[in-house]
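The values are calculated or read from the model by the stated rules, or taken from the named source; none is laboratory data. Please read all numbers here as calculations on a predicted model, not as lab measurements. Cβ placement follows ideal geometry from the backbone for every residue including glycine, while neighbour counts extend to all protein chains displayed. Ligands, DNA and RNA are excluded from the accessible area calculation, which covers all protein heavy atoms including side chains. Shrake-Rupley method; radii C 1.70, N 1.55, O 1.52, S 1.80 Å.
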Amino acid sequence: MIGKRSYRADVQGLRALAVIAVLAFHAGGYLPGGFLGVDIFFVISGFVVGDLLISGRYATIREFWLSRFIRLMPALAVVVLITVLFFIVVLWSDRYLSLPLIGSAGLLSLSNVAIEMTSGDYFDADAGHLPLLHLWSLSVEEQIYFALPALLILIGARTSSRPARLRVVISLLFLIVLSFGLSIFGASELRGQFGFGEALFGFYSPVARLWEFLVGVLVWVALQRTEISSRAQNFLAFIGLGLVMSAVSFWDASLVGADWFNLVAVAGTAMLLSARASILAGSLLALPALRWIGDRSYSIYLWHWPPVVAAKEFWPDSQLAPVIATALSMVPAYYSHRILERDFRRLGDWRSSRFRLALKKSVGLVTVTSLIVLPFTYLSSHDEDFRIASGNALAGDVNDEAWFKYAGTEFQICDHPLTGERGVPDGSYHRCLTTGTDSPTEILLIGDSHAAHFFVGVAELFDAREVTFLGIPPEEYSDPELMHAYQQEFFSEHKPYFVIFSYRWEGYESTPQFARFFGNLTPEEIPSIFAFNGLPTFPMDPVQCKSGYGVFSLFPDCDFPTPDPSLIGDHTSQSRETIEQGILAQLDVIGRGDVLDTYGVICDELLCRMNLGNTVLYADHHHINIDGSRILINEISAELPSSVR
């Protein structure tokens with residue numbers, strides 16, 4: 001029998017702070033450590049469930065498991081169903097191939113395992129495109145709910161004698177230290193030395209999260225036999241709130257000990273739970289607005305993330321869109337709480353008709369969702385036509401990985417001649433690439449990643465020549481000694497037939513001073529010079545150009561009105577006119593050189609097009625793919641020296 005449990009308004013207020021932190025993090029990183037709100041939830045769950053289990057509010061473990069199923073699964077099933085169907089119909093692309101699997105796994109409380117297998121690190125950029133990424137924490141919670149009753153029985157948590165209580169406290173402390181130690185191991189570089197380290201003790205592991213639940217249990221156990229003075233409770237509450245706010249506000253991955261911030265958040269939460277009679281518990285944490293959010297925190301958490309992912313897909317350069325999507329997600333969250341949560345609480349004995357009816361409804365919702373989602377899980381992994389929507393049948397790779405793989409296999413990744421840096425095909429542009437003929441450099445391509453992505457086209461057009469790409473950040477032009485070293489490297493014995501400069505010009509406050517590359521060389525020592533005038537940044541993903549929207553390939557999106565380029569994207573600092581003038585000014589300093597209009601291949605007076613003919617040219621919003629490199633260089637090849645080929 002489930003007895004009547006006292007309602008703690010401060011606990012609901014703490015839930016509200018936790019979910020607000022998560023929302024602020026996901027809406028745009030407004031709280032850099034907001035993801036630690038999940039750790040706060042885990043401690044609260046341990047505290048509440050510890051109360052339910054140890055005080056005997058459930059007659060059997062089966063009753064506990066069934067009540068958790070009824071409490072959590074109906075709302076989760078509806079979120080999985082709507083999210084999977086929406087993204088398949090409206091936004092389907094190869095980016096979401098793992099979505100049906102993660103949704104299906106979520107219905108089995110295994111989404112953390114599915115995410116670990118298919119997507120990896122929570123902080124990877126690709127993880128931000130998983131509409132059901134947030135289900136990992138719910139699966140961890142449900143897995144711990146499955147094991148926690150047996151664990152508490154094993155340590156004798158329901159016995160009441162003094163020696164037994166001491167044994168329970170010591171056992172909980174031991175398990176907390178063990179689980180915390182494994183979580184630190186899972187977050188360290190040492191885990192890579194073991195084949196099981198990442199999966200068993202990593203970010204998504206219930207083993208590495210158990211300690212947070214047990215801290216909550218320990219707080220509940222301690223409060224049953226410990227009287228804390230009002231002064232001590234006020235002290236604990238203020239210190240605890242400070243720790244929680246510091247953890248979610250100041251977390252920084254670059255800080256030494258960043259992996260320990262969850263310990264700060266957990267410690268702060270434990271202090272707040274210990275201070276139920278404090279001033280903070282009766283004022284700030286008991287505010288009606290916070291209690292309202294806390295009562296609905298589960299539904300708010302469930303519904304907030306899929307709309308944010310969709311908003312980022314539709315408006316990738318907008319900082320406001322995720323915020324608006326987060327606010328709008330409160331509408332389904334409200335009705336989810338009202339329809340799928342509120343009526344599934346306070347059900348009485350598990351043998352009662354109300355309990356049994358709620359169980360039937362819950363099983364029915366999960367079954368219907370499974371029957372709809374599971375076929376998509378199969379299709380997304382086995383059916384090629386379903387896996388990659390045909391779209392408008394355009395060719396071209398719409399990801400950066402294909403470029404890096406091709407460049408790393410067909411050409412030679414070289415050590416930077418001065419810094420010794422060596423690029424690897426891991427998603428960041430190389431500092432040095434050559435065609436690998438072992439001859440002196442005959443054609444030199446210089447710039448940032450917007451020069452590197454032209455390398456394939458230049459190297460294949462001049463396939464009989466040694467072509468070298470050299471990554472030179474704009475700030476290096478301010479170092480005369482470094483420029484002199486470059487001149488010695490490339491012009492002392494041999495000099496290239498010509499040099500090409502290319503940058504993401506609009507991404508810099510001022511034009512890179514590439515004329516300084518030639519330093520004090522005489523005009524006779526300087527080869528022919530060319531500068532590419534850049535490419536537009538598109539607001540949409542090239543996936544939408546190639547595949548359209550949804551599994552039915554609706555509305556392929558390949559062009560964009562040609563505005564003042566200073567308005568395209570979030571990373572632009574200069575207008576097109578300013579860019580052209582800056583490049584010409586640098587060529588005037590050198591005393592020779594031509595500007596080649598790569599921008600004009602993409603844009604005319606009315607539209608900028610991500611495709612040319614039947615081929616998508618872009619790999620992401622502003623980098624071209626392999627085909628784009630070949631096609632663009634071919635389009636301007638008449639202006640490059642034909643005698644060198």
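Which one is surrounded by the fewest Cβ atoms within 10 Å (Cβ to Cβ) among residues in the range 475-504 that are among the hydroxyl-bearing types (Ser, Thr, Tyr) and in a loop (DSSP other than H, G, I, E, B)?
Keep residues of the range 475-504 that are among the hydroxyl-bearing types (Ser, Thr, Tyr), which gives 477-478, 486, 492, 497, 502-503.
From what is left, the residues that are in a loop (DSSP other than H, G, I, E, B) are 492, 497, 503.
On the way: SER492: 9, TYR497: 16, TYR503: 25.
Top of the filtered list is SER492.
A quick yes/no check of all residues on (1) at pLDDT below 80; (2) touching a Pro at 6+ places or on another chain (Cβ under 8 Å); (3) assigned to a loop (DSSP other than H, G, I, E, B); (4) open to solvent by 10 Å² or more (accessible area, probe 1.4 Å):
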position: PRO131; (1), (2), (3), (4): no, yes, yes, no
position: ALA150; (1), (2), (3), (4): no, no, no, yes
position: GLY156; (1), (2), (3), (4): no, no, yes, yes
position: LEU172; (1), (2), (3), (4): no, no, no, no
position: LEU175; (1), (2), (3), (4): no, no, no, yes
position: PHE180; (1), (2), (3), (4): no, no, no, yes
position: GLY195; (1), (2), (3), (4): yes, no, yes, yes
position: GLN233; (1), (2), (3), (4): no, no, no, yes
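Would you be able to tell me the number of residues in the range 278-307 that are out of contact with any Gly (no Cβ under 9 Å at 6 or more places or on another chain), surrounded by 17 or more Cβ atoms within 10 Å (Cβ to Cβ) and aliphatic (A, V, I, L, M)?
2
Given the structure, is VAL79 within 18 Å of ALA310 (Cα to Cα) and of a type in the set (A, V, I, L, M)? First the steps, then the outcome.
Working: within 18 Å of ALA310 (Cα to Cα): yes; of a type in the set (A, V, I, L, M): yes.
Yes; evaluated as a whole, the condition is true for this residue.
Are any of the residues in the range 522-537 crowded, with 22+ Cβ neighbours inside 10 Å and at positive phi?
yes
When you scan the range 308-319, do you find a residue that is farther than 30 Å from THR226 by Cβ, in contact with a Lys or Arg (Cβ under 7 Å, 6 or more places away or on another chain) and aromatic (Phe, Trp, Tyr), even just one?
Taking the range 308-319 first, the residues farther than 30 Å from THR226 by Cβ are 308-319.
Those left that are additionally in contact with a Lys or Arg (Cβ under 7 Å, 6 or more places away or on another chain): none.
No.
Just checking, which of LEU17, LEU31 is under 29 Å from ALA277 (Cβ atoms), under 19 Å from the mean Cα position of the chain (by Cα) and in contact (Cβ under 8 Å) with a residue 40 or more places away in the chain? Steps first, answer last, please.
Values: LEU17 fails: under 19 Å from the mean Cα position of the chain (by Cα).
So the residue among LEU17, LEU31 that is under 29 Å from ALA277 (Cβ atoms), under 19 Å from the mean Cα position of the chain (by Cα) and in contact (Cβ under 8 Å) with a residue 40 or more places away in the chain is LEU31.
Given (1) open to solvent by 40 Å² or more (accessible area, probe 1.4 Å); (2) part of a helix (DSSP H, G or I); (3) modelled with pLDDT under 90; (4) among the hydrophobic types (A, V, I, L, M, F, W, C), identify the lone condition not met by PHE552.
(2)
May I ask you to list the residues in the range 198-212 that are under 12 Å from GLU116 (Cα atoms) and either of a type in the set (D, E, K, R) or modelled with pLDDT under 60 (or both)?
Listed by number, the residues that qualify are GLU198, ALA199.
Return yes when SER249 is open to solvent by 60 Å² or more (accessible area, probe 1.4 Å), within 21 Å of the chain's Cα centre (by Cα) and among the polar types (S, T, N, Q) and no when it is not. Steps first, please.
Values: open to solvent by 60 Å² or more (accessible area, probe 1.4 Å): no; within 21 Å of the chain's Cα centre (by Cα): yes; among the polar types (S, T, N, Q): yes.
Judged against the criteria, SER249 is not a match.
Collect the residues in the range 12-37 that are within 22 Å of ARG68 (Cα to Cα) and either in contact with a strand residue (DSSP E or B) (Cβ under 9 Å, 6 or more places away or on another chain) or open to solvent by less than 10 Å² (accessible area, probe 1.4 Å) (or both), keeping them in residue-number order. Can you show your working first?
Of the residues in the range 12-37, the ones within 22 Å of ARG68 (Cα to Cα) are 12-16, 18-19, 37.
Answer for the range 12-37, where residues must be within 22 Å of ARG68 (Cα to Cα) and either in contact with a strand residue (DSSP E or B) (Cβ under 9 Å, 6 or more places away or on another chain) or open to solvent by less than 10 Å² (accessible area, probe 1.4 Å) (or both): GLY13, LEU14, ALA16, ALA18, VAL19, GLY37.
Which members of the range 558-593 meet the condition of being buried (at least 16 other Cβ atoms within 10 Å of the Cβ), at pLDDT below 90 and farther than 26 Å from LEU612 by Cβ?
THR578
Within the range 324-342, identify whether any single residue is touching an Asp or Glu at 6+ places or on another chain (Cβ under 8 Å), in contact (Cβ under 8 Å) with a residue 24 or more places away in the chain, crowded, with 19+ Cβ neighbours inside 10 Å and not charged (D, E, K, R), and answer yes or no.
Yes.
Can you tell me which residue among PHE87, PHE64, PHE42 is open to solvent by less than 30 Å² (accessible area, probe 1.4 Å), at pLDDT 95 or above and aromatic (Phe, Trp, Tyr)?
On the way: PHE87 fails: at pLDDT 95 or above; PHE64 fails: at pLDDT 95 or above.
Going through PHE87, PHE64, PHE42 in turn, just one is open to solvent by less than 30 Å² (accessible area, probe 1.4 Å), at pLDDT 95 or above and aromatic (Phe, Trp, Tyr): PHE42.
Of all residues in the range 441-495, which are closer than 16 Å to GLY519 by Cβ, at pLDDT 90 or above and polar (S, T, N, Q)?
SER478
Quick one: which helices (runs of 4 or more DSSP H) lie wholly within the range 279-364 and hold at least 2 residues that are closer than 30 Å to ASP557 by Cα and modelled with pLDDT of 90 or more? First the steps, then the outcome.
Working: elements: 279-282, 288-295, 297-314, 320-328, 330-336.
Those helices (runs of 4 or more DSSP H) span 297-314, 320-328, 330-336.
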